[in-house]
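Working notes for the structure below.
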Amino acid sequence: MAKFGAVGRSAILRNPNETMRLIITIIVGVVFGFFVGISFPSISITKLHFPSSIISYIEEKNSGLSTQALLNHAWATVTNQKNIDPPQLPFDERKIYVPTNPRGAESLPPDIIASESDFYLRRLWGSPSEDLPIKPRYLVTFTVGYEQRKNIDAAVKKFSEEFTILLFHYDGRTTEWDEFEWSKRAIHVSSRKQTKWWFAKRFLHPDIVAPYDYIFIWDEDLGVEHFNPIEYIRLVRKHGLEISQPGLDPNKGLTWQMTKRRGDREVHKETTEKAGWCSDPHMPPCAAFVEIMATVFSRDAWRCVWHMIQNDLVHGWGLDFALRKCVEPAHEKIGVVDAQWIVHQVVPSLGNQGEIVEGKAPWEGVRKRCRKEWGMFQNRMTEAEKNYFEQKRHENSNTDSIAAANSTFN
């Protein structure tokens with residue numbers, strides 16, 4: 001056996017070329033069989049792992065060929081025999097970028113984008129397509145405290161299944177409302193000591209309320225004995241109102257002349273006020289004007305109004321005079337529905353949510369902030385419009401200068 005071993009080693013030493021050919025043939029055969037067997041041309045041959053002793057031996061003994069070159073040659077041999085090219089995916093098929101998608105969603109395919117939502121309640125079981133026997137077309141919101149539950153109960157019962165009911169709770173009491181059967185189907189949002197417009201800015205984004213034709217944003221102290229919501233909407237559509245409110249009982253509470261109910265018509269869009277109050281008969285408070293206690297917005301009008309609501313001005317004072325900026329012509333598309341009217345009960349519940357400061361009653365501090373916000377909102381609107389028109393004049397001036405220069409040059 002010792003002699004045989006010596007002879008064998010001598011033979012290998014005497015025939016190194018034959019040994020190399022044998023090793024390379026084995027490698028090529030293994031590689032070919034591997035790729036034929038799995039038939040996945042996308043897998044690179046360079047990712048195969050061979051024993052390091054074989055790789056080292058080849059690199060040391062071959063005639064100037066590196067391991068990578070040998071493996072590439074093996075891959076070329078296989079693909080030439082099978083006539084298969086390595087897959088070449090263009091860049092745009094590997095990565096999605098759609099600049100017209102909503103901001104932040106550019107990497108998503110457009111067909112998966114769900115840019116709008118709703119307040120429809122969904123089940124935890126069954127098919128999603130069967131969740132909603134009725135899709136409400138209208139949304140009504142009330143900003144409420146538990147003390148006004150009887151009044152809200154009477155109001156909500158006026159609204160049919162075509163309305164989604166959304167309660168904004170400013171006193172933190174929500175579960176107590178389950179004494180009413182309808183409350184279990186309503187949406188409840190709670191945050192202590194916040195106002196209607198604070199809730200509206202944060203929870204009534206236009207893309208959230210997009211499924212609803214009309215959005216009612218109402219106070220809690222409204223008597224609805226003479227109000228029918230479906231008939232109200234019929235009249236709003238008939239008279240082309242984008243922003244509206246029911247007429248107010250002229251004998252209850254303080255109100256503007258514009259929002260007082262008239263008993264001889266379905267709708268009115270203008271009025272007369274005290275001398276000097278209306279410099280233009282088509283401007284507030286003589287026209288293009290409703291109050292903010294029981295406002296009803298079309299979907300399109302609300303999209304504009306929502307953007308006008310300021311984050312830090314929570315009482316909404318001043319909005320009623322600015323609503324006209326969201327519809328055109330405002331004196332035709334803003335009006336009061338007289339045939340469906342309500343009673344403003346003037347319950348000072350919001351004032352009671354304030355705090356005693358410097359010995360003054362809570363409502364005094366609330367009222368003071370309301371007036372302050374009114375002035376702040378008016379100033380912001382005035383400044384915003386001033387800045388806009390100054391910028392436009394500057395742009396037009398630059399355009400005219402360029403045009404004049406071009407004309408002179410020509």
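Since every read-out is calculated from the coordinates, none of them should be taken as a lab result. This is a predicted model, so every value here is computed, not measured. We place every Cβ from the backbone using ideal geometry, glycine too, and count neighbours over all the protein chains shown.
Taking a quarter of the surface of the Cα convex hull of region 304-410, what do you get in nm²?
11.4
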| message | Sorted from largest to smallest, which semi-axis lengths in Å does the alpha carbon gyration tensor of region 136-387 give for its equivalent ellipsoid, taking the root of 5 times each eigenvalue? | response | 26, 23, 18
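I need the peptides 232-240, 337-345, 120-128 ranked by packing, meaning the mean over residues of other C-beta atoms within 10 angstrom, with the highest value on top.
Per-residue mean Cβ counts within 10 Å order the peptides as 337-345, 232-240, 120-128.
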| query | For region 180-224, what number results from the quotient of the Cα radius of gyration and 2.2 N^0.38 Å? | reply | 1.31
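Considering Cα pairs under 8 angstrom that are at least six residues apart, work out the relative contact order of region 206-316 and quote it in whole percent.
Worked out over region 206-316, it gives 36 percent.
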| note | Expressed as a percent, the portion of alpha-carbon pairs in region 183-298 spaced more than 20 Å apart is 51
| request: Provide the packing ranking of 179-190, 291-302, i.e. peptides ordered by the mean count of other C-beta atoms within 10 Å per residue, highest first. | output: 291-302, 179-190
| request: Rank-order 371-378, 388-395 by packing density, defined as the average count of other C-beta atoms within 10 Å over each peptide's residues, highest first. | output: 371-378, 388-395
